[in-house]
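The values are calculated or read from the model by the stated rules, or taken from the named source; none is laboratory data. All of these numbers come straight from a predicted model, not from anything done at the bench. When we count neighbours, we look across all protein chains shown, and the Cβ atoms used for this are built from the backbone with ideal geometry, even at glycine. Heads up: the accessible areas ignore ligands, DNA and RNA and are worked out on the full protein's heavy atoms, side chains in. Shrake-Rupley method; radii C 1.70, N 1.55, O 1.52, S 1.80 Å.
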Amino acid sequence: MAQKILMLIAPDQFRDEELLVPRKILTEAGWSVETASTRTGTATGMLGATEVIHFDLTHAQDQAQKQAYEAVIVVGGMGSPEYLWENAPVHQLLQTLNQQHRLIAAICLSGAVLAKAGLLNGKQATVWESPDALAVFKSHQVTYTGDPVTVDGRFVTANGPEAAEAFAQAILTQLKTLTPSA
């Protein structure tokens with residue numbers, strides 16, 4: 001049975017490459033990747049990609065409680081601030097997986113989701129360099145690196161779509177370290 005990774009996307013305006021590139025790399029490496037959002041139905045990316053969401057965060061939280069996911073990846077895009085930044089169930093899911101010592105990753109504007117969930121306090125991370133995202137980092141005592149990809153322990157962050165491949169590779173490297181059977 002393949003080990004599972006959860007990719008969390010906004011239901012509208014997620015960044016296409018930040019979902020598609022890491023998912024392709026992770027599935028080619030043998031990982032089972034599931035996608036969830038804040039609601040079921042069809043999610044639409046900023047560049048027109050569509051993703052059918054069969055389960056929402058309630059199902060994802062149930063799966064996390066059963067320790068089914070080795071990692072969660074929060075995909076960025078313009079929908080992240082609207083749908084994910086202030087979303088209590090998203091924060092709860094991330095906190096649950098953090099308590100289970102799972103790998104937690106975010107790309108683009110979704111680095112702010114990890115900060116708002118209280119997971120990056122005192123850590124180094126990167127994010128899409130928007131004034132709002134940088135303000136979130138500052139208010140949550142996150143050291144902004146400005147690098148394309150930053151790894152700090154079990155946390156992997158990337159700054160945008162150009163870093164999607166390097167982000168996925170960093171996740172794979174960390175998963176091999178954290179889950180020796182991977």
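Given axes a ≥ b ≥ c from the Cα gyration tensor, I'd like to know whether region 23-121 is rounded (a/c under 1.5), prolate (a/b larger than b/c) or oblate.
Rounded.
Assuming a ≥ b ≥ c are the square roots of the Cα gyration tensor eigenvalues, decide whether region 1-78 counts as rounded (a/c under 1.5), prolate (otherwise, with a/b larger than b/c) or oblate.
oblate
Measure off 7 Å from each Cα along the Cα-to-Cβ vector at residue 121 and residue 166, then give the distance between these two points in nanometres to one decimal.
Each label point lies 7 Å from its Cα, and together they span 3.0 nm.
Taking 41 Å as R0, compute the FRET efficiency from the Cβ-Cβ separation of residue 145 and residue 56 and round it to 0.05.
0.80
In whole percent, and with a 1.4 Å probe on the protein chains, what portion of the accessible area of the chain is carbon and sulfur?
48 percent
Please sort through the DSSP H helices of the chain and keep those with an alpha-carbon extent of at least 15 Å along the long axis and a Kyte-Doolittle average not below 0.0.
The qualifying helices are 164-178.
How large is ³J(HN,Hα) for each residue in region 69-78, as worked out from phi by the Karplus curve 6.51 cos²θ - 1.76 cosθ + 1.60 (θ = phi - 60°), to whole Hz, x for Gly and Pro?
After applying 6.51 cos²θ - 1.76 cosθ + 1.60, I find 9, 7, 7, 10, 10, 9, 7, x, x, 5 Hz.
Between residue 160 and residues 5 or more places away or on another chain, which pairs have amide H atoms under 5 Å apart, with H built 1.01 Å from N, and which residues are they?
108
With a ≥ b ≥ c taken as the square roots of the eigenvalues of the C-alpha gyration tensor of region 85-155, please select rounded if a/c is under 1.5 and otherwise prolate if a/b is larger than b/c or oblate if it is not?
oblate
Could you give the accessible area per residue of the chain, probe 1.4 Å, as a whole number in Å²?
43 Å²
Mind checking the full-extension length gain between residue 130 and residue 39? Use 0.36 nm per residue of separation minus the Cα-Cα distance, one decimal, nm.
Extending this stretch completely gives an extra 30.1 nm.
Counting only residues 5 or more places away or on other chains, whose amide H sits under 5 Å from the amide H of residue 40 once H atoms are built in the peptide plane?
Long-range HN contacts for residue 40: none found.
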